[in-house]
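Peer 1: Take a look at this one; I'll ask things after.
The values are calculated or read from the model by the stated rules, or taken from the named source; none is laboratory data. Predicted model only: the values in this text are computed from it and were never measured. Glycine gets a Cβ as well: all are built from the backbone with ideal geometry, and neighbour counts include every protein chain shown.
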Amino acid sequence: MPETAGAAAPRTLAEKIWDAHVVKKGEQGEPDLIYIDLHLVHEVTSPQAFDGLRQAGRGLRRLDLTIATEDHNTPTLAIDRPIADPTSRAQIDALRENAEEFGVRIHSLGDKEQGIVHVVGPQLGLTMPGVTVVCGDSHTSTHGAFGAMAFGIGTSEVEHVMATQTLPLKPFKTMAVTVDGTLREGVTAKDIILAVIAKIGIGGAQGHVIEYRGSAIRALGMDGRMTICNMSIEAGARAGMVAPDETTFEYVKGRPHAPQGADWDAAVAYWRTLPTDDGAEFDAEVVLDADALEPFVTWGTNPGQGVSLADAVPDPAHLIDPVEKSSAERALEYMDLAPGTRMKDIAVDAVFMGSCTNSRLEDLRAFASVIKGRKKAEGVRVMVVPGSARVRLEAEAEGIDKIVEAFGGEWRFAGCSMCLGMNPDQLAPGERCASTSNRNFEGRQGKGGRTHLVSPLVAAATAIRGTLSSPWDLDAPEPVEEHA
Amino acid sequence: MEKFETVTGTAVPLMQNTIDTDQIIPAVFLKRITKTGYEDGLFNLWRQEPDFVLNDPAYADGQVLFVGPDFGVGSSREHAVWALRDYGFRAVFSPRFGDIFRGNAGKQGLLTGVIPEDVVQRIWEAILEQPGIDATVDLHARTVTVGEITAVFEIDDYTRWRLLEGLDDIGLTLRDEDAITAYEARRPSWLPTTIPARTAD
Ligand code: SF4
């Protein structure tokens, strides 16, 4: 980002938010001191930060800009019983005690607002355009969907924000990812982001804040935009964002913490000034065609190792880059896949529908629309985990729980669950899973577990057929029309 | 963070190269929820061997560590620094450090000084001749002295200044507290606050 941006100089969305949050400009290569509007806290990365404050005799500077929830370790069954795993219980207990001692607002297991930290912020209307959001979690990038600057931080930084409500930061570079065209029915935001990561690679956006632009992005609802921004980190980006527009305002309006009355008008007037100016320059640009996109799945052990569902497992022998080649070989060994296998021939043991990538109401609706009135494939375990207790209630009000249960799936309580298996929701060694989460790393969903990242629609069709599938592969009665 | 000007304490010769952060503190200690009390994790696996240097009573209260090149490479865990600090170490000298470890150390008040490999070896010899001998670190002069040997060490000016002033990141930022307060006064009133808590019903 430019050192000084004059009033007339065209700026990007990211630069405008940055400029509006500089408390003190760094001199001679020193970082800028940036103000943080919202600090989200969960049980895994906060205990040492609270402990550090306690040692130094410090408190939180702005309790009113801080909120905590329990998510990574929480069970998704029998939530009224004590947590069995001692480490998980200790982290949850520590968060509760710290919140009590320091006065932090907390939504604990059992509370209506409990859930994955990145689902809770937007749903309460705390995430809004133009704000800076941080959390000790890399998928904080999710909140950028609102046209906010949102990024994950380390534990020392968590303590720093608690004590000062600021962070010393060096400016990021900017990258435009433009997706023009119209998605075909059955193709979703998840497919866009998986295709983007496959295109630019897991380090492709290193050091950059990505702004997603273009007609296909504008056409997405907030839940889809959150899915895309969520996985920016998987391309190495510091953050991902989408310029705020009517869709954004519509989503925020009326939420518990949204501005009201004259405040609302003032806020919207400001938010309208945020989109990137014509003529503003990005440090890097990437273009993707939405018309050509098909449902996308991963075959390997990093989110960049993906192909169209209609394709086959690639042959590492055809890769030129030696690092990519050896990583592909290792991935195929871990995934127990042979080059040339058609992706649609891969049978799964489990389907996980959840995580901060795809566990909001729109995601659950999409999943339910495909499975409605059908039965899951024999032998496939189907777990559906809403992103928050409120999403769970809203889905139940629409009967989604009943659809999942009639299908043969498990309807669970909210949390991170099998996205990372810190709670008991894990794959057994060797089990293969179609998962709507964001990371297919070795062992991520359980030691020896094998993960294929997919969209909710693909997860649903896969649960029906037992092999990686999209709604296009389903026989009548067809919820989605057949496409060429 | 405690100010670091001059420190005198037991010198410890750890005659090994390429000690990664997994060796400084194994992953099992990462499950804890406190920021202090990691002294038992320091070199945990090695300390189970009777002839490991810290098991020698002469070095048990070590404060200044002398190690071979590439100390603190590997995983970014801040716990490696906490373990050294909690054990009582104030300074580590090596010909070369892992970058992230060195950055973390500076923020936690642990001095990391670079001295040439041959000097490290001479210091090791000097310590072995007189086990339990003190080392004196003078950060103003950028020198470390063990017996007859005085070596000049490298440390960047910014980290040195922070150590001399005893400023952790937070302390440093709080020097600008007036600017933070002034910024807060300018923030629009419609920005979200978590308190008082509001929910949909
Ligand atoms: S759902 Fe998964 S990616 Fe999201 S915050 Fe939880 S563990 Fe992290």
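Residues checked against (1) crowded, with 22+ Cβ neighbours inside 10 Å; (2) on the phi > 0 side of the Ramachandran plot; (3) of a type outside the set (S, T, Y):
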position: A:D71; (1), (2), (3): yes, no, yes
position: A:T74; (1), (2), (3): yes, no, no
position: A:D111; (1), (2), (3): no, no, yes
position: A:G115; (1), (2), (3): yes, yes, yes
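Peer 1: Within segment A:164-175, is even one residue within 16 Å of the ligand (Cβ to nearest atom) and either touching a Leu at 6+ places or on another chain (Cβ under 7 Å) or within 11 Å of another protein chain (Cβ to nearest Cβ) (or both)?
Peer 2: To start, the set of residues in segment A:164-175 that are within 16 Å of the ligand (Cβ to nearest atom) comprises none.
Looking for residues that are within 16 Å of the ligand (Cβ to nearest atom) and either touching a Leu at 6+ places or on another chain (Cβ under 7 Å) or within 11 Å of another protein chain (Cβ to nearest Cβ) (or both), one finds none in segment A:164-175, hence no.
Peer 1: Might you check whether a residue that is over 24 Å from A:A176 (Cα atoms) and either in a loop (DSSP other than H, G, I, E, B) or away from chain B (no Cβ under 14 Å) (or both) occurs anywhere in segment A:259-272?
Peer 2: yes
Every residue, every condition in (1) modelled with pLDDT under 95; (2) in contact with a helix residue (DSSP H, G or I) (Cβ under 9 Å, 6 or more places away or on another chain); (3) under 30 Å from A:F146 (Cβ atoms); (4) not acidic (D, E), yes or no:
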position	(1), (2), (3), (4)
B:P131	no, yes, no, yes
B:V137	no, no, no, yes
B:A141	no, no, no, yes
B:R162	yes, yes, no, yes
B:D168	yes, yes, no, no
B:L172	yes, yes, no, yes
B:Y183	no, no, yes, yes
B:R186	no, no, yes, yes
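Peer 1: Could I ask something else about it? What single numbered condition from (1) under 19 Å from A:L63 (Cα atoms); (2) facing chain B (nearest Cβ under 10 Å) fails to hold for A:V158?
Peer 2: Status for A:V158: all satisfied but (2).
Peer 1: If I ask for residues that are in contact (Cβ under 8 Å) with a residue 24 or more places away in the chain, part of a helix (DSSP H, G or I) and away from the ligand (no atom under 15 Å from the Cβ), which ones from segment A:64-90 would you list?
Peer 2: A:L65
Peer 1: Still on this structure, please answer the following. If we keep just the residues of segment A:135-146 that are buried (at least 24 other Cβ atoms within 10 Å of the Cβ) and within 14 Å of chain B (Cβ to nearest Cβ), which is modelled with the lowest pLDDT?
Peer 2: Per the stated criteria, the residue is A:G136.
Peer 1: Restrict the check to segment A:351-364 and report whether at least one residue is surrounded by fewer than 19 Cβ atoms within 10 Å (Cβ to Cβ) and away from the ligand (no atom under 14 Å from the Cβ). Write out each step before concluding.
Peer 2: The initial filter retains those residues of segment A:351-364 that are surrounded by fewer than 19 Cβ atoms within 10 Å (Cβ to Cβ), namely none.
No, because not a single residue in segment A:351-364 is surrounded by fewer than 19 Cβ atoms within 10 Å (Cβ to Cβ) and away from the ligand (no atom under 14 Å from the Cβ).
Peer 1: Can I ask one more? Looking only at residues in segment A:371-391 that are within 16 Å of the ligand (Cβ to nearest atom) and more than 14 Å from chain B (Cβ to nearest Cβ), which one is nearest to A:G186 (Cα to Cα)?
Peer 2: A:V384
Peer 1: Just the residues that are in a loop (DSSP other than H, G, I, E, B), polar (S, T, N, Q) and in contact with a strand residue (DSSP E or B) (Cβ under 7 Å, 6 or more places away or on another chain), please, taken from segment A:294-348.
Peer 2: Going through segment A:294-348, the residues in a loop (DSSP other than H, G, I, E, B) turn out to be A:294-295, A:299-305, A:309-311, A:313-315, A:319-321, A:336-341, A:346, A:348.
Retained after the next criterion (residues that are polar (S, T, N, Q)): A:301-302, A:305, A:341.
Of everything in segment A:294-348, those that are in a loop (DSSP other than H, G, I, E, B), polar (S, T, N, Q) and in contact with a strand residue (DSSP E or B) (Cβ under 7 Å, 6 or more places away or on another chain) turn out to be A:Q305, A:T341.
Peer 1: Using the structure shown, decide if A:A9 is more than 9 Å from every other protein chain (Cβ to nearest Cβ), farther than 24 Å from A:A258 by Cα and among the small types (G, A, S).
Peer 2: Numbers: more than 9 Å from every other protein chain (Cβ to nearest Cβ): yes; farther than 24 Å from A:A258 by Cα: yes; among the small types (G, A, S): yes.
So A:A9 passes the test.
Peer 1: I would also like to ask the following. Would you point out the residue of segment A:104-134, among those that are among the small types (G, A, S) and within 14 Å of the ligand (Cβ to nearest atom), that is farthest from the other protein chains (Cβ to nearest Cβ)? Let's see the steps before the verdict.
Peer 2: Within segment A:104-134, the subset among the small types (G, A, S) is A:108, A:110, A:115, A:121, A:125, A:130.
Those still in the list that are within 14 Å of the ligand (Cβ to nearest atom) too: A:115, A:121.
Details: A:G115: 12, A:G121: 9 Å.
Across segment A:104-134, the extreme among qualifying residues is A:G115.
To keep it simple, each residue is scored yes or no on (1) exposed (fewer than 15 other Cβ atoms within 10 Å of the Cβ); (2) in contact with a helix residue (DSSP H, G or I) (Cβ under 6 Å, 6 or more places away or on another chain); (3) without any contact (Cβ under 8 Å) to a residue 12 or more places away in the chain.
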| residue | (1), (2), (3) |
| --- | --- |
| A:D315 | yes, no, no |
| A:I320 | yes, no, yes |
| A:G340 | yes, no, no |
| A:I346 | no, no, no |
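Peer 1: Identify all residues within segment B:68-84 that are more than 14 Å from every other protein chain (Cβ to nearest Cβ) and either under 14 Å from B:L14 (Cβ atoms) or among the hydroxyl-bearing types (S, T, Y) (or both); write none if there are none. Please lay out each step first, then the result.
Peer 2: Filtering segment B:68-84 for residues more than 14 Å from every other protein chain (Cβ to nearest Cβ) gives B:68-74, B:84.
Hits for segment B:68-84 are B:G68, B:P69, B:D70, B:F71, B:G72, B:L84.
Peer 1: When A:F50 is evaluated against the numbered criteria (1) within 28 Å of A:T69 (Cβ to Cβ); (2) not in a helix (DSSP H, G or I), which criterion, by number, is the only one it fails?
Peer 2: Of (1) within 28 Å of A:T69 (Cβ to Cβ); (2) not in a helix (DSSP H, G or I), only one is false for A:F50: (2).
Peer 1: Here's a check for you: in segment B:163-186, which residue that is touching a residue at least 40 places away in the same chain (Cβ under 8 Å) and touching a strand residue (DSSP E or B) at 6+ places or on another chain (Cβ under 9 Å) is nearest to B:H140 (Cα to Cα)?
Peer 2: At the first step, the residues of segment B:163-186 found to be touching a residue at least 40 places away in the same chain (Cβ under 8 Å) are B:163-169, B:171.
Then drop every residue that is not touching a strand residue (DSSP E or B) at 6+ places or on another chain (Cβ under 9 Å), which leaves B:163, B:169.
On the way: B:L163: 10, B:D169: 21 Å.
Top of the filtered list is B:L163.
Peer 1: Checking A:N73 against (1) facing another protein chain (nearest Cβ under 9 Å); (2) out of contact with any Phe, Trp or Tyr (no Cβ under 9 Å at 6 or more places or on another chain): exactly one of these is not met. Which one?
Peer 2: (1)
Peer 1: Here are B:A58, B:A27, B:A91: which of them is within 14 Å of chain A (Cβ to nearest Cβ) and of a type in the set (G, A, S)?
Peer 2: Working: B:A58 fails: within 14 Å of chain A (Cβ to nearest Cβ); B:A91 fails: within 14 Å of chain A (Cβ to nearest Cβ).
Selected residue: B:A27, the only one of B:A58, B:A27, B:A91 that is within 14 Å of chain A (Cβ to nearest Cβ) and of a type in the set (G, A, S).
Peer 1: Next question, about the same structure. Look at A:D93 and say whether it is away from the ligand (no atom under 16 Å from the Cβ) and not in a loop (DSSP other than H, G, I, E, B).
Peer 2: Working: away from the ligand (no atom under 16 Å from the Cβ): yes; not in a loop (DSSP other than H, G, I, E, B): yes.
The answer is yes for A:D93.
Peer 1: Tell me, please, whether a residue that is within 11 Å of another protein chain (Cβ to nearest Cβ), of a type in the set (A, V, I, L, M, F, W, C) and under 23 Å from the mean Cα position of the chain (by Cα) can be found in segment A:50-65.
Peer 2: yes
Peer 1: What are the residues in segment A:410-463 that are more than 14 Å from the ligand (Cβ to nearest atom), among the basic types (K, R) and out of contact with any strand residue (DSSP E or B) (no Cβ under 6 Å at 6 or more places or on another chain), if any?
Peer 2: Listed by number, the list holds a single entry, A:K447.
Peer 1: May I pose another question? For A:Q28, state whether it is modelled with pLDDT under 95, of a type in the set (S, T, N, Q), over 23 Å from A:P244 (Cβ atoms) and part of a helix (DSSP H, G or I). Spell out the reasoning first.
Peer 2: Numbers: modelled with pLDDT under 95: yes; of a type in the set (S, T, N, Q): yes; over 23 Å from A:P244 (Cβ atoms): yes; part of a helix (DSSP H, G or I): no.
So A:Q28 fails the test.
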